[in-house]
Amino acid sequence: MKKDFKGTGVAMVTPFNEDKTVDYIGLSNLIEYLIDGGVESLVSLGTTGESAVLTNDEKQKIVAFTKNEINGRVPFVVGIGGNNTSDVVAQIKSTDFSGIDAILSVSPAYNKPTQEGIYQHFKAISEACPTNIILYNVPGRTSSNMSANTTLSLANDFANIIGIKEASGDMEQIMQILRDKPDNFKVLSGDDALTLPMIFMGAEGVISVQAMAQPKEFSEMVRQGLIGNIQKARALHYPQLEVIDHLFAEGNPAGVKACLKIKGVCEEHVRLPLTSISRTRYNQLKDLLTKRN
């Protein structure tokens with residue numbers, strides 16, 4: 001399963017100290033906690049990693065540290081994306097890709113490009129990138145949906161575009177991609193609550209937030225789903241839905257950082273404009289996680 005990105009990938013948080021500097025002890029704890037929990041790949045500098053509020057210097061140090069800590073034990077994916085195509089290309093050209101197995105690149109936010117603009121954006125990224133590319137479609141954040149036809153065109157036209165993290169929540173769109181995609185193109189869930197239904201339709205995994213809260217349970221659910229063991233997968237799926245609801249109710253990654261604090265992995269600090277979750281929500285999560293363990 002190494003480097004084919006099948007199974008459970010985790011969109012890791014960036015732990016912070018109380019003074020909001022990067023907490024590298026917490027990051028080391030997180031990496032070990034997730035690998036011990038049985039996840040199949042790790043993703044840095046995505047939305048959950050608060051990449052929007054990290055400096056370029058911090059990003060470089062986080063990637064170097066994470067590569068060293070993982071040490072080839074699981075595939076490593078780095079988020080490199082944005083809404084300025086030339087800037088994204090420049091970031092790619094300045095990146096040392098040793099130890100990086102793929103990039104996760106989000107469809108451009110804010111600009112609201114046409115489908116042709118999205119296609120040309122990823123064409124430029126593909127031509128500049130020396131490693132695998134996983135597309136990321138998340139209309140709830142970008143205000144712009146990447147259509148199934150655009151995804152399929154990119155999948156067919158560029159050999160290094162090898163998959164998509166699909167978080168549109170549009171099951172008809174997802175099924176169209178699954179039906180018509182090339183055989184070697186991976187469809188990964190970008191919505192934790194829909195992961196198991198998507199797997200039953202043909203998806204091959206997930207890039208997850210919930211898997212940080214409950215890595216053993218979530219990754220085992222995905223494995224059971226992938227081998228067609230519906231009853232076991234379903235038995236693991238339903239107890240996690242209430243946790244998932246709480247994780248996102250007051251913003252991501254504030255919810256999952258609270259879970260990691262509850263589990264003793266790292267602190268829950270986030271950078272503005274995000275804020276930590278309410279104590280009421282924190283206690284609800286604590287009760288749920290205690291019940292599950």
Open item on the list: Please pick out the residue among ILE103, ILE118 that is of a type in the set (Val, Ile, Thr), under 27 Å from ALA254 (Cα atoms) and either buried (at least 16 other Cβ atoms within 10 Å of the Cβ) or out of contact with any strand residue (DSSP E or B) (no Cβ under 6 Å at 6 or more places or on another chain) (or both).
Closed with: ILE103
Open item on the list: Restricting to region 121-149, give me the number of residues that are buried (at least 20 other Cβ atoms within 10 Å of the Cβ), part of a loop (DSSP other than H, G, I, E, B) and in contact with a helix residue (DSSP H, G or I) (Cβ under 8 Å, 6 or more places away or on another chain).
Closed with: 3
TODO: Mind counting the residues in region 203-255 that are outside any helix (DSSP H, G or I) and surrounded by fewer than 17 Cβ atoms within 10 Å (Cβ to Cβ)?
DONE: 4
Open item on the list: I'm checking my understanding of the structure. Among residues of region 1-27 that are surrounded by fewer than 14 Cβ atoms within 10 Å (Cβ to Cβ) and more than 19 Å from the chain's Cα centre (by Cα), which one is nearest to GLN210 (Cα to Cα)?
Closed with: ILE25
Task: Considering residues of region 28-48 that are part of a helix (DSSP H, G or I) and not hydrophobic (A, V, I, L, M, F, W, C) only, the residue surrounded by the fewest Cβ atoms within 10 Å (Cβ to Cβ) - done: ASP36
- [ ] Of all residues in region 75-106, count the ones that are aliphatic (A, V, I, L, M) and over 14 Å from LEU45 (Cβ atoms).
- [x] 2
Open item on the list: I'd like the residue in region 151-170 that is in contact with a strand residue (DSSP E or B) (Cβ under 7 Å, 6 or more places away or on another chain) and in a loop (DSSP other than H, G, I, E, B) and, out of all such residues, is farthest from ASP101 (Cα to Cα).
Closed with: SER168
TODO: Would you please name the residue that is farthest from the chain's Cα centre (by Cα), looking only at residues in region 256-286 that are assigned to a helix (DSSP H, G or I) and either modelled with pLDDT under 95 or buried (at least 21 other Cβ atoms within 10 Å of the Cβ) (or both)?
DONE: LEU285
- [ ] Six or more apart or on different chains, Cβ under 6 Å: which pairs go from a residue in region 36-55 that's over 20 Å from ASP101 (Cα atoms) and of a type outside the set (A, V, I, L, M) to one that's assigned to a helix (DSSP H, G or I) and modelled with pLDDT of 95 or more? Could you list them?
- [x] GLY37/PRO215; GLY37/LYS216
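The values are calculated or read from the model by the stated rules, or taken from the named source; none is laboratory data. Since the structure is predicted, the reported quantities are computational estimates derived from the model, not experimental observations. Virtual Cβ from ideal backbone geometry, glycine too; neighbours counted across all protein chains shown.
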